[in-house]
Amino acid sequence: MGRPDPEEGQLPAPLKPPDGGWGWIVLLGCFVITGFSYAFPKAVSVYFKELMKDFHVGYSDTAWISSIMLAMLYGTGPVCSIMVNQFGCRPVMLIGGLLASAGMILASFTTNIIELYLTAGVLTGLGMALNFQPSLIMLGTYFDKRRPLANGLAAAGSPVFLSSLSPLGQVLLEKFGWRGGFLIMGGLLLNCCTCGAVMRPLDMGMKRKMGKAQDKYEAKEMLPIGGKSEEGISTTDGTKKGKKAKKKPKKGKKLLDFSIFSNRGFIIYTISKFILVLGLFVPPILLVNYAKDTGVPDTEAAFLLSIIGFIDIFARPACGMVAGLKWVRPHVAYLFSFSMLFNGLTDICSARASNYTGLVIFCIFFGISYGMVGALQFEVLMAIVGSQKFSSAIGLVLLIEAFAVLIGPPSAGRLVDALKNYEVIFYLAGSEVVLSALFLGVASYCCLNRGKKEPPPENNPTAGGGSDTEEAESDVQEAEEHSSDNHQPAHSTDNAVAVANEEANHVAEEQGGEGGGCPAGDGEVLVRDGCNADQMVERDSF
């Protein structure tokens, strides 16, 4: 696939993300969407006790509501990717907001657990999926250098909404019952439509600037009388015909790119995320019921989720800032592996917590580690596949994770019903998260070393399959090879010295144009700006 044209509605290759401007409004919308998408399935667990009494079901049956929401959020990823590539982010998000709201409103009139699965689970989950994925795509479109920080700030929406929706759900449950709470929650989800309305495509502003520039050009060409005006008219007619000719191949555009499965880093990331999701969402979903069974009052039990959310609010932006540092960003995959290891060990070490103080300590450390995982998960994926293939990559990853979501929480609920012991659940969930962390770290390290020993045979920047870091490393390798080829031994004659000076200046200009330094030694290292080409020639002549 070549570089997309601006006329096709995609982001042109030379256009750089603004890293600000309207992007901050997009970031605010992504903040709200992320909050609803991740916090809502957990906040609904506040109503589980009342649902169990009314419908006469167990833990595993009510846990299916949150699992179906998350499964729809993940499982409809490819469908959402196709819709975004076909219609754009804004229309898809508007439809998703309406579906999410309608699902919760209809759920307030249900009479059995199956109807709850179809309304609150399927319909609301589908609506949130149609909002969540496009918002991340738009965020990656508007931010590049500040992308880790933007991802961290957007991910902070999850703990902010979790810390507010859980107490709000408890208040609504006490005053209006679970039916009134569901109805009001459905009204709150209409805010997703507002967030979708602000997702302005980046190329829209580009087209306006191009249109103004073209109008000025046509006006200048038409001012002179005679041949120049005719040339200007014929030139504009030719450009319009060229645009129409370029629009014709649009039918053959891929809506979902499966070539990303040839990327070893993407395969490693997908497997580790599948194992991670098996145990990541289990503790927060079962935490409220666990606290209530140990004798903690309902209000204080719901406050535990608020503690996780409050700690998570500061952990995600802070982790995003750390991931954006120059010496950390190339190794962000290892930071992600460490955050998963921290989360898994927190679950294992807190499995024996049997009083409210122990649960509070668990919530503090779980909030820190959970925030780190949430801030880094999509930043790592963007770094692996690049921005051009991110829309297809996230859809396929979410589809694979959907199977893990359908297995994890319901299986944990069945174990609770069978064993009546939450300690085993925490051990099992923590072990799964630790396993995913070890797999990601070890496999990435082995793959990285292998990639250094066997450099890629060719570098095709238009393929869009590599990350920005990988492209930068390939540019450095090409510069080193080019500089080593141009380094010729200098002779004692003046002509040889002059030729060497010209070649060295040519190499320095090429390196300076790419933003790097000039070559030093035998071309093994790149020196920062400020080195002298004449000094380099003299060093080589010796």
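Over all directions, average the projected area of the Cα convex hull of region 17-222 and note it in nm².
In nm², the orientation-averaged hull projection of region 17-222 is 13.0.
Within region 96-124, list the residues whose amide N lies under 20 Å from a label point set 7 Å along Cα→Cβ of T194.
The answer is 96-105.
How compact is region 79-198 by the rule of thumb for globular proteins, expressed as Cα Rg over 2.2 N^0.38 Å?
So region 79-198 has a normalised radius of gyration of 1.16.
If R0 is 41 Å, what FRET efficiency do you get for S259 and I184 from their C-beta distance, rounded to 0.05?
Efficiency computed from Cβ-Cβ geometry: 0.35.
Once you put a point 7 Å from the Cα of E115 and another 7 Å from the Cα of W24, both along the Cβ direction, what distance in nm separates them?
4.8 nm
Using a 1.4 angstrom probe, figure out how much accessible area region 17-222 has per residue, in square angstrom, rounded to the nearest whole.
Spelled out: the 1.4 Å probe surface of region 17-222, per residue, equals 37 Å².
Highest mean first, how do 49-60, 389-400 rank when packing is the count of other Cβ atoms within 10 Å averaged over residues?
389-400, 49-60
Just how much of E432 is accessible, in Å², when a 1.4 Å probe is used and the result is rounded to the nearest 10?
Looks like 40 Å² after rounding.
Of the accessible area of region 17-222, with the probe set at 1.4 angstrom, what percent is carbon plus sulfur?
In region 17-222, the share of accessible area belonging to carbon and sulfur is 69 percent.
Using only the Cα atoms of region 290-397, build the gyration tensor, take square roots of its eigenvalues as a ≥ b ≥ c, and label the shape rounded, prolate or oblate: rounded if a/c is under 1.5, else prolate if a/b is larger than b/c, else oblate.
Judged from the Cα gyration tensor, region 290-397 comes out prolate (a/c at least 1.5, a/b above b/c).
Which FRET efficiency value, to the nearest 0.05, do you get for F176 and E300 by plugging their Cβ-Cβ distance into 1/(1 + (r/R0)^6) with R0 = 22 Å?
Working from the Cβ atoms, E equals 0.55.
Sort M321, M138 from largest to smallest accessible area, using a 1.4 Å probe on the heavy atoms of the protein chains.
Order by accessible area, largest first: M321, M138.
Hey, what's the Kirkwood Rh for region 256-449 if you take every pair of different alpha carbons, in angstrom?
Computed over region 256-449, the radius equals 17.3 Å.
Order the peptides 324-333, 263-272 from the highest to the lowest mean number of other Cβ atoms within 10 Å of their residues.
Per-residue Cβ counts within 10 Å, averaged per peptide and sorted highest first, yield 263-272, 324-333.
State the percentage of accessible surface on region 256-449 attributable to carbon and sulfur atoms; use a 1.4 Å probe and exclude ligands, DNA and RNA.
Of the solvent-accessible surface of region 256-449, carbon and sulfur hold 73 percent.
Sorted by accessible area (1.4 Å probe), largest first, how do D417, D203, D298 line up?
In descending accessible area the options line up as D298, D417, D203.
With labels modelled as points extended 7 Å from the Cα through the Cβ direction, what inter-label distance (nm, one decimal) is found for D144 paired with R414?
4.9 nm
Points 7 angstrom from Cα along the Cβ direction at S164 and Y334: gap in nanometres?
Label-label distance for S164 and Y334, simple model: 3.9 nm.
The values are calculated or read from the model by the stated rules, or taken from the named source; none is laboratory data. Keep in mind that what you see is a predicted model, and the values were worked out from it rather than measured. Ideal geometry is used to build each Cβ from the backbone, glycine not excepted, and the neighbour counts take in all protein chains shown. Heavy atoms of the whole protein, side chains included, go into the accessibility calculation; ligands, DNA and RNA do not. Shrake-Rupley method; radii C 1.70, N 1.55, O 1.52, S 1.80 Å.
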